[in-house]
Every structure is written in C-alpha cells, then in structure tokens.
Amino acid sequence: MTEAPRSIAEQRLSLCSVLGEDLVLTGSEDMLRYCRDWHGDVTTGAVAVIRPRTTQDVQAAVKACRELGLFIVPQGGNTGLVLGATPDDPERQVVLTLERMNKIRNIDSDDFSAVVEAGCILTELKDAVAAKGMFFPLALGAQGSCRIGGNVSTNAGGINVLRYGMTRELVLGLEVVLPDGSVFDGLSTLRKDNRGLDLKQLFIGAEGTLGIITAVSIKLTPYPDNVATALVALNSLDDAITLYRRARRDCCDLMSAFEFMPPLAFTLAQEAMPDLPIPLSGEFPAYVLMEISGSGLVDIDDLMHRFLEGVMSDGLVVDGTIATSQAQARNLWLIREGMNEGQAKRGSHMRTDISVPLSRLASFVADAEAAVSAALPDCTSVSYGHVGDGNVHLNVLPPNGATPEERNERIYKAKKVVNVVVDQYGGSISAEHGIGRLKRDDFEERLSDTKRSLLVAIKKAIDPDLILNPHCQIDLAPANH
C-alpha cells in the first residue's frame, strides 16, 4: 500500500476519478446510514462509501483503495449486532457496500441450488426460491433487511439451526474478491468435492477480514408446505429442556424451531406492539415456541397434536395453543420478535449471544441471572433463545430513568459478570452474531497462544497489508500506521 493523500478531500477526488462518481458517495448525509450501527448506538464516519454494481467494480475499488492507502470495511445490509461493518477510523477507511449487487443469477430446481449475488436481501431470496417450489431455511429477525453476503460473512444462525445448521451448512460455493484485487472463483454447486482444503470455509464467519464475498451458491430443500406452530407454557426452564428432548425423539428431524422465552417476553412484545394478541391466559415461569414442518405425505398437524397430547397428559406442558392458520402462526412469532423491539424501546442495554452445552443451559441461566441480580439489583435480566443449539441471549436492562452514563456503567459491569459465568460453563461469548469490534477485546482475552498464532498467520498470508476490515475480530495494527 502507498501512503494516503494528506487530505480527505484529495482521497475522495481520487476515488471519484478512478471509479466514477456513480460508485462513490462522499456527502455526510448520504453516508450517514452506512456509518451507523443497526441499533443506532454508534455513529462514526468514513472517507467515502463505495457502491459497486459488479464483481469487476469491487476489484477496481480494492485496487484503488490499495493505491490510495485506504482501508476497506465491507458491508451487507448493516444489520449486524457487533459493529463488524461499522467503520472506526473515519480518516482512513471507506465502507464498501454490496447493496447494489443484488441479482439472483440462477435457481436450479433439479440441482436444488441457487447462485445469488452478495447484496440479495434474504427475504427476497427466500421468496424467489419459494416460487420455484423450494426452500432456503435461513431465518432471522432482520431477514427483510439483511443480505446474503453478510449472512455468510458472519455465519449467521437464526431459528432453524437445530434442523438445518448454521449458514456454513447451507453454502455450496463462493465468489470472493481478495485483498490484492484478484478473484477466488469457487461458485461450485457440487455437494461432494474432496479436492484438498475447502477454501470457501476460510471466508465464512471471517466478517470480511479475508476477502469481500460477491456471490454465493447455496443449498436448497423442498418447500415445507406443511407447518405446525405451537406456543406452550411450562413450570420451569428445566422442563423446557426436558420437552426439547421429548420433541427430538418424537418429532425427529421434522422439528425446525424450538425457542424458549420468559414471561416478561409478553410484556415487552406488547410494549412494542400494543395490539398484539396474547393467546395464553395466566403467567407461567417458562414458555416454548416450537415448530415442526415437512412436505409430501407427512401429516404434520397430526404429529403436533399427538405430541402435545402426550406431554400435556404427562404434566410436562401446563397450557398451550396450536396455530390454526398462517396468520395465527405469524402472531405467535411476533411475540418472539416483538420482545426484541420492546427491549430496544427501553433504551440501551446489554445484549449477549452465548452458547453453552445444551444439558447445562437451564443451570447456566439460573447462575448467570443470579450473578447479575447480586451485582446489579436494579437491573432486569431477560433470557431467551434457541434451546436446540444451546444458544441463549441473556440481556440486561438498566432501570428506567437511568442516564446514558449510568446505563453504560451497568452494561459494562453486567458484561463482565455474565462472561465470568460463561467461562465457568465452558461456553462461547458469540454463538451466532460474530465478534466484530464490539466483542474483540473479550474474544482476544480468551484466545490461546496457538489459536491466535493460527488466526494471525492466516490473516497475514491472505491480507499482508491488513487492508480489509481492520480492528475487526483481532486488532492488528496496519503495516503503515
């Protein structure tokens, strides 16, 4: 890399000259939404925002930035939760958004695969393959805004992981622009290809630190036109784990979602959506939202009814309801989604993304919430998540009326308290959201020397000038800083 020009104005003029004004945004108002995180907690700036339309545009942008001594923060839908796509050095970094690269290049019904550009919005992708009678199972709260390239770069999780796996399991191939401007063309749709190292795996979950994903070939399945959704109440989170074990045995691989929620979920959901109907009367210690789905000759509705009859007769489930229409099913899922919006309405708070062994999930929640209560008695813990993969979001809400400074102080303390319990349980501080910049220090504190050496060696081998997404995941000072 060469030394950057002395002024931002010179850098911007050079970018516009090389790439054309159509691809480059430089106005503060125009760039604002690309330099603010999803929750609006952090707003920064950038030298420019580059908006390529093709893979060749991305190549040209990478080469131009290298010549100008600029660093690149790749961005998809900007829906991430760990500041992985938020620039943090406004005088040295550009944002490269893939939003214009949103074409679906091919859908192959016989091959059960599709090839899509990185900027394709997840919902639009799901709708397009559904129109062909197929299903792409990745399902996230932000699916109306997030983009498939970002999903792959963060190895996104979501509600269907227990049946279909993380995003990593759904990717057949990638097209990636590397830090030197060359292209790794690995857009194969082969299911089995054992020719040495599977290089695409390097870029899945790397959060744009090794290359810029420009296209993805994905695995599809038959469309599940039979779906049964139920909300049930239980006497404890321990009972929810027992229910999950029963459901895995009785419903087998037809179970696609199994989410647990506390009673506070309904209050939070109605704070965000006052007209949202709550289908169960009374308040119980724990709730589970479960879904089973299939296609063809399987009678999904009968399976759900027989399963719930059994667990209710055993006293494991104390109340429940089964959706009788798509609209009712959607309302049940709105409780889960509205709970997140309700927390946001209460102001800044601590959000976690933790995984622990499934067998210890209930005791982890009890221990972690007790630790938070002891350290921060005026705060409220909200624990919910994906039972089937041991992923719990244990969030901590500061008291109403707390000043921004008081909120930040409590959030910092709560994170330290919860992370101690995570370590005691041999868990992970990031189950599905990634590391980004927000969790970088906590991640590095927990890295063994061997793992850190491997990660640094891979980064320096592929990106020796550290041009891509600096300060994300691991903080390595750029070579010319």
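The table that follows gives values for the structure above.
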{"quantity": "Qualifying residue in segment 108-131 (condition: among the acidic types (Asp, Glu) and free of Cβ contacts under 8 Å to residues at least 12 places away in the same chain)", "calculated": "yes"}
{"quantity": "Count - residues of segment 320-358 that are among the charged types (D, E, K, R) and over 27 Å from Ser428 (Cα atoms)", "calculated": "2"}
{"quantity": "Residues satisfying the stated conditions in segment 223-239, i.e. within 24 Å of the chain's Cα centre (by Cα) and not in a strand (DSSP E or B)", "calculated": "Tyr223, Pro224"}
{"quantity": "Qualifying residue in segment 416-439 (condition: on the phi > 0 side of the Ramachandran plot and open to solvent by less than 60 Å² (accessible area, probe 1.4 Å))", "calculated": "yes"}
{"quantity": "Among the candidates Val317, Val298, residue that is surrounded by 19 or more Cβ atoms within 10 Å (Cβ to Cβ) and either without any contact (Cβ under 8 Å) to a residue 24 or more places away in the chain or among the β-branched types (Val, Ile, Thr) (or both)", "calculated": "Val317"}
{"quantity": "Selection count where residues are more than 28 Å from Thr44 (Cα to Cα), in contact (Cβ under 8 Å) with a residue 60 or more places away in the chain and β-branched (Val, Ile, Thr), scope segment 422-465", "calculated": "2"}
{"quantity": "In segment 384-406, residue surrounded by the fewest Cβ atoms within 10 Å (Cβ to Cβ) [restricted to those that are over 18 Å from Leu81 (Cα atoms) and touching a residue at least 60 places away in the same chain (Cβ under 8 Å)]", "calculated": "Asp389"}
{"quantity": "Boolean, Ile411 is more than 23 Å from the chain's Cα centre (by Cα), farther than 29 Å from Asn160 by Cα and open to solvent by 30 Å² or more (accessible area, probe 1.4 Å)", "calculated": "no"}
{"quantity": "Residues of segment 191-218 satisfying the condition of being open to solvent by 70 Å² or more (accessible area, probe 1.4 Å) and either within 25 Å of the chain's Cα centre (by Cα) or within 28 Å of Leu476 (Cβ to Cβ) (or both)", "calculated": "Arg191, Leu197, Asp198, Leu199"}
{"quantity": "The one condition in (1) open to solvent by less than 70 Å² (accessible area, probe 1.4 Å); (2) more than 25 Å from the chain's Cα centre (by Cα); (3) closer than 16 Å to Leu254 by Cβ that Pro279 fails to fulfil", "calculated": "(3)"}
{"quantity": "Residue selected from segment 81-95 under the condition over 19 Å from the mean Cα position of the chain (by Cα) and either over 18 Å from Gly434 (Cβ atoms) or not acidic (Asp, Glu) (or both), by the criterion most open to solvent (accessible area, probe 1.4 Å)", "calculated": "Glu91"}
{"quantity": "Segment 219-235 - residue that is among the polar types (S, T, N, Q) and open to solvent by 10 Å² or more (accessible area, probe 1.4 Å) and, of those, nearest to Arg191 (Cα to Cα)", "calculated": "Thr221"}
{"quantity": "Selected residue [more than 16 Å from Gly69 (Cα to Cα) and at pLDDT 95 or above] from Arg36, Arg12", "calculated": "Arg36"}
{"quantity": "Test result for Val18, surrounded by fewer than 20 Cβ atoms within 10 Å (Cβ to Cβ) and touching a Leu at 6+ places or on another chain (Cβ under 7 Å)", "calculated": "no"}
{"quantity": "Residues (of a type in the set (Val, Ile, Thr) and open to solvent by less than 20 Å² (accessible area, probe 1.4 Å)) located in segment 51-80", "calculated": "Thr55, Val58, Val62, Ile72, Val73"}
{"quantity": "Every residue from segment 241-271 that is of a type in the set (A, V, I, L, M), open to solvent by 20 Å² or more (accessible area, probe 1.4 Å) and under 17 Å from Gln343 (Cα atoms)", "calculated": "Leu264"}
{"quantity": "Scan of segment 348-383 for residues that are under 21 Å from the mean Cα position of the chain (by Cα), closer than 28 Å to Gly401 by Cα and surrounded by fewer than 22 Cβ atoms within 10 Å (Cβ to Cβ), ordered by number", "calculated": "Ser348, His349, Arg351, Asp353"}
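The values are calculated or read from the model by the stated rules, or taken from the named source; none is laboratory data. All of these numbers come straight from a predicted model, not from anything done at the bench. Using ideal geometry, Cβ is built from the backbone for each residue, glycine included, and neighbour counts are taken over all protein chains shown. Accessible surface is based on the protein model in full, side chains and every heavy atom, while ligands, DNA and RNA are left aside. Shrake-Rupley method; radii C 1.70, N 1.55, O 1.52, S 1.80 Å.
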